[in-house]
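One structure is given here, and the rest of the page talks about it.
What follows is calculated from the coordinates using simple rules that are stated; it is not laboratory data. These numbers come from a predicted model, not from an experiment. Cβ sites come from the backbone with ideal geometry, for glycine too, and all protein chains shown count toward neighbours.
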Amino acid sequence: MPTMSGSTRDQFDTIVIGAGQAGPGLAYSLASRGERIALIERDQVGGTCLNSGCRPTKAIRASARAAHVARTSAALGVHVADVRVDLAEVVARKDALIDGWRDDNEASLERDPGIELIGGDARFDGTTADGHRVAVVGRVVSARRVIVNTGARSVPPAIPGLDSVGWLDHHGILDLTEPPAHLVVIGGSYIGLEFAQIFRRFGSEVTVIEAGPRVIGREDPEFSEAITGFLTEEGIDILTSCPIDEVRTGTDAPIEVVVHDGEIVSGSHLLVAAGRIPNADDLGLDTVGVERDDRGYIVTDDLFATNVAGIYAVGDVNGRGAFTHTAYQDYEILADHLAGGERTVAGRVTTYALFTDPPLGRVGMTEREARDAGAGYLVTTYSMSSLTRAVLDGQTAGIVKLLVDATTGRFLGASILGLHGDELVQTIGVLMHAGIPASVFDTWLPIHPTVAEFLPTILRGLSAPDG
């Protein structure tokens, strides 16, 4: 990506800081209306998702799943001998995909006559009659509108000794070309569990250490239990209720993690998958008076406007969702607003997935959240092992849980762990978005044999919660 300096055309209509999931879309949208846009990116076009998050992770996940399917295919009468993973080839495939997408995205931005792509760190430099000033690589650009799309980054917890060992984050682990002999993962949440399963399937021994009483603690307990179950069956050691006292270089192993009860977990590599903060601390926001909350996120209204006129914040940096798809929708909503539309982020139905295999698809409330909110709800839970398609495919691990408002009959939320759970949950999400009651399934014609065809059957089990 080019680094520009010394231009005489430093006045723009809009400055977009960050070329992640929301920034480029906004730049294209505003440039198409005749605006002159400065798009500033400090690292790589595409942001975390493209370069070190969703896409590269799912690329290597596909390889890990292929290895697992080959090793376990005898249960389906298919016998495969000598399954071998070449991690260097896996990483090369991943890199080819990601580099191609990033190069295409960058080239497209550079071809747009209304967009100037600037490489470097951006920092607010006050406000003048020309608008808000932003300093980047020895140059100061100005615009009356600035959109911040700087995302978030991993920050390790304060563990004694961590800085003395060579630990990995979700960026560095993607570039390993040999499977670790024993990968120790600090953090039993979404990133940690995905990588734990991936590298177990690549042949590593894996231990997950979680300080809390269960993994993915924001989900309902039965989902934590089910995920712990199938990961343990694959040979992953999961330690819960294990605060860490110290990390150190071991005598017999490169890494030793000392947990609170004195137990020592030894490993060859350490992945730290806990802790994340918004990239808002080094933007010079104080020079223009932009407000942040107590966690460091930029405070915005339902149209992503900050407390300072003309400055907006979209994506992870605003604390309204830490997902690629929420950032992308932020762009759509803000672009609509700036074009005179009526969309806002109010009422957004958040949905996401844990991409273990099988995946967990989530939308709306968990049962714990519904109970804590005092919602009057009906609930039904169904085992994946009772779904015909799951049995046919030999993938019966998982649970379906659906929550419906007892008064309106509309969905409050869904948790679907199992075959195609990440896709199936979006059926519920569409109905929630449109405000359509669950009774629509009473007369629906589904395809057989699919996982979705059981939704009407599952919903017939709705009842009031125990207690």
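Sorted ascending by nearby beta carbons within 10 Å, beginning with the fewest, Trp444, Trp167 become Trp444, Trp167.
Rounded to the nearest 20, the Cβ-based charge dipole of the chain about its Cα centre (Lys and Arg +1, Asp and Glu -1) stands at 940 debye.
Take the Cα of Glu233, step 7 Å toward its Cβ, do the same at Arg144, and the gap between the two points is 6.2 nm. Show log10 I(q)/I(0) for segment 72-219 at q = 0.15, 0.18, 0.20 Å⁻¹, two decimals, from a solvent-free Debye sum over equal Cα scatterers. With one equal scatterer per Cα and no solvent, log10 I(q)/I(0) is -1.04, -1.17, -1.26.
Put a dot 7 Å past the Cα of Arg371, heading toward its Cβ, do the same for Ala74, and the two dots end up 4.3 nm apart. Distances between placed amide hydrogens fall under 5 Å for Thr127 paired with Arg133, all partners being 5 or more residues away or on another chain. Averaging Cα coordinates gives a centre for segment 52-112 and one for segment 248-264; these two points are 33 Å apart. Amide H to amide H, with H built 1.01 Å from N, Val185 comes under 5 Å of Thr207, Val208, Ile209, Leu271, counting only residues 5 or more places away or on other chains. Counting Lys and Arg as +1 and Asp and Glu as -1 over every other residue whose Cβ lies under 14 Å from the Cβ of Thr344, the net charge comes to -3.
Rg and Dmax of segment 162-274, based on Cα coordinates, read 13.1, 40 Å.
Taking the longest Cα principal axis of the chain as reference, the axis of helix 87-111 is set at about 30 degrees.
Could you point to the residue in Leu360, Ala370, Thr388 farthest towards the positive end of segment 351-459's charge dipole, with +1 and -1 charges on the Cβ of Lys/Arg and Asp/Glu respectively? Ranked along the dipole, the leading option is Ala370.
Packing-based ranking of 200-213, 18-31 yields 18-31, 200-213, ordered from highest to lowest mean Cβ neighbour count within 10 Å. Look at the alpha carbon pairs under 8 Å that are at least 6 residues apart: their mean separation over the length of segment 162-274 gives a relative contact order of 36 percent. Take the chain, drop everything but the C-alpha atoms, weight them equally and run the Debye formula without solvent; then report log10 I(q)/I(0) at 0.09, 0.14 Å⁻¹ to two decimals. With no solvent term, the Cα-only Debye profile gives -0.70, -1.39.
For Arg292, the residues whose modelled amide H falls within less than 5 Å of its own, excluding neighbours fewer than 5 places apart on the same chain, are Val299.
Using alpha carbons only, how many degrees (0 to 90, rounded to 10) separate the axis of helix 324-338 from the longest principal axis of the chain? The angle comes out at about 40 degrees.
Over all alpha-carbon pairs of segment 351-459, lay out the pair-distance distribution in 10 Å bins, whole %, shortest bin first. Percent of pairs per bin, in order: 16, 49, 31, 5. Ranked by the mean number of other Cβ atoms within 10 Å per residue, highest first, peptides 121-129, 99-107 order as 121-129, 99-107.
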